[in-house]
Amino acid sequence: MHWIDLRSDTVTKPTPAMRQAMAEAEVGDDVYGEDPTVGRLEALAAEMLGFEAALFMPSGTMTNQVALMLHLKRGQEVIAPKGAHIYEYEPGSLAVLSGGTIRLVEAPYGIPDPEAVRAAIHTSVHQAPTGLIALENTHNTAGGTVVPIPAQRAIQQVAEEAGLPTHLDGARFFNAVTALNTTPVELAKGFRTISICLSKGLGAPVGSILLMPRAYRAEAWRYRKLLGGGMRQAGVLAAAGLIALSEGPKHLARDHQMARALAEGLLRLHLEVDLQAVQTNMVYVQVPQAPALVQRLRELGLLANAMGPNRVRFVTHRDLQDEDIPQALKRIEQALQIA
Ligand code: TLP
């Protein structure tokens, strides 16, 4: 059977060019700061996003959590959009690692109302003091939706007026850059820290990068070590990351087109899809019993994720062939007939 894997863009496998670069990578012990390939990757990321410093880590969960550790004192609160990955899918990490709490604000299509963010900021001694405002671009659980630059700026303005830093979970930052037809530097402006993932649509096997001011890097380095994220000859991974970062973004437009074609096909099957939310490489479908549908799809060779009892998520990525989307739609139609 030809499996079609639409569970996530994390399932992409390293390309032959990445494997070759990995095999030939110049390496050193990165815990001593001596891996030249990691150094090159961090320098490229910092330059591309217009940041002073960058730090390579094993996962986006770690880059997000190190950022939270940098920004929050114990007992402080981070304000984040409803559905934020740092809350929904980083399993209690905020509480364990930073000793912080979170306040979620309504965020249709991943975009919080700046006035709601302002109102959520705590200053009273009776409340957990706000230490950080976070955004997610693209916003995963809202549908891979894009936060436009003016909306980001309005929230950064609120943060600035309150003297608070901002963090961006940019796991799919380059999907947002592509959808907005902007530049990484433009989209990155105004955030104190940004986490980007190389192992999603960009296609690297492993790795995320935290962008930050130079003054933060020594502490971020210490937190990464504290979490067990100090990697030795990590240049083997960074070599693939360099290709992902420099070549990966140009493939994302195709991923977005595939998602749109899939969404339109699903609508033709009379499934409930919010087409307005299909802005990048994700399609969420509202169904009565998501886990049961996912199971039937698996039996037909199509992998998807149930994100809750009534939502199925399909994610497009570079490892899909052109015929996979029409084929996926056939399998979905078949699964619905069995139901
Ligand atoms: N998200 C995964 C799952 O955890 C849901 C996925 O398949 O989408 N931020 C965002 C917005 C993410 O979507 C993810 C991964 C992460 C951070 C964490 O990245 P990793 O998996 O590298 O820890």
(request) Return yes when residue 148 is in contact with a Leu (Cβ under 7 Å, 6 or more places away or on another chain) and either within 13 Å of the ligand (Cβ to nearest atom) or not assigned by TED's automatic domain parsing to the domain that holds residue 223 (or both) and no when it is not. (result) no
(request) From 110, 50, 99, grab the single residue that is out of contact with any helix residue (DSSP H, G or I) (no Cβ under 8 Å at 6 or more places or on another chain) and either more than 14 Å from the ligand (Cβ to nearest atom) or open to solvent by 20 Å² or more (accessible area, probe 1.4 Å) (or both). (result) 99
(message) Taking the conditions exactly as written (under 23 Å from residue 279 (Cβ atoms), part of a helix (DSSP H, G or I) and within 16 Å of the ligand (Cβ to nearest atom)), does residue 187 satisfy them or not?
(response) yes
(request) Among the residues of region 84-105, write down those that are more than 19 Å from the chain's Cα centre (by Cα) and in a loop (DSSP other than H, G, I, E, B). (result) 99, 100
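Rundown of residues vs (1) part of a strand (DSSP E or B); (2) surrounded by 24 or more Cβ atoms within 10 Å (Cβ to Cβ), yes/no style:
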residue: 134; (1), (2): yes, yes
residue: 141; (1), (2): no, no
residue: 151; (1), (2): no, no
residue: 155; (1), (2): no, yes
residue: 168; (1), (2): yes, yes
residue: 178; (1), (2): no, no
residue: 191; (1), (2): no, yes
residue: 196; (1), (2): yes, yes
(request) Could you tell me whether residue 101 is among the β-branched types (Val, Ile, Thr), farther than 23 Å from residue 188 by Cα and in contact (Cβ under 8 Å) with a residue 24 or more places away in the chain? (result) yes
(message) Could you tell me how many of the residues in region 34-47 are over 26 Å from residue 182 (Cβ atoms) and either surrounded by 16 or more Cβ atoms within 10 Å (Cβ to Cβ) or without any contact (Cβ under 8 Å) to a residue 40 or more places away in the chain (or both)?
(response) 5
(request) Could you pull out the residue among 57, 1, 69, 62 that is in contact with a Phe, Trp or Tyr (Cβ under 6 Å, 6 or more places away or on another chain) and either at pLDDT below 95 or within 16 Å of the ligand (Cβ to nearest atom) (or both)? (result) 69
(request) Say whether the condition of being under 26 Å from residue 230 (Cα atoms), more than 20 Å from the chain's Cα centre (by Cα), assigned to a helix (DSSP H, G or I) and touching a residue at least 24 places away in the same chain (Cβ under 8 Å) is met by at least one residue in region 55-65. (result) no
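The values are calculated or read from the model by the stated rules, or taken from the named source; none is laboratory data. As the structure is a prediction and not an experimental result, all values here were calculated from the model. Note that each Cβ is placed from the backbone with ideal geometry, even for glycine, and that neighbours are counted across all protein chains shown. Surface areas here come from the heavy atoms of the whole protein model, side chains and all, with no ligands, DNA or RNA. Shrake-Rupley method; radii C 1.70, N 1.55, O 1.52, S 1.80 Å.
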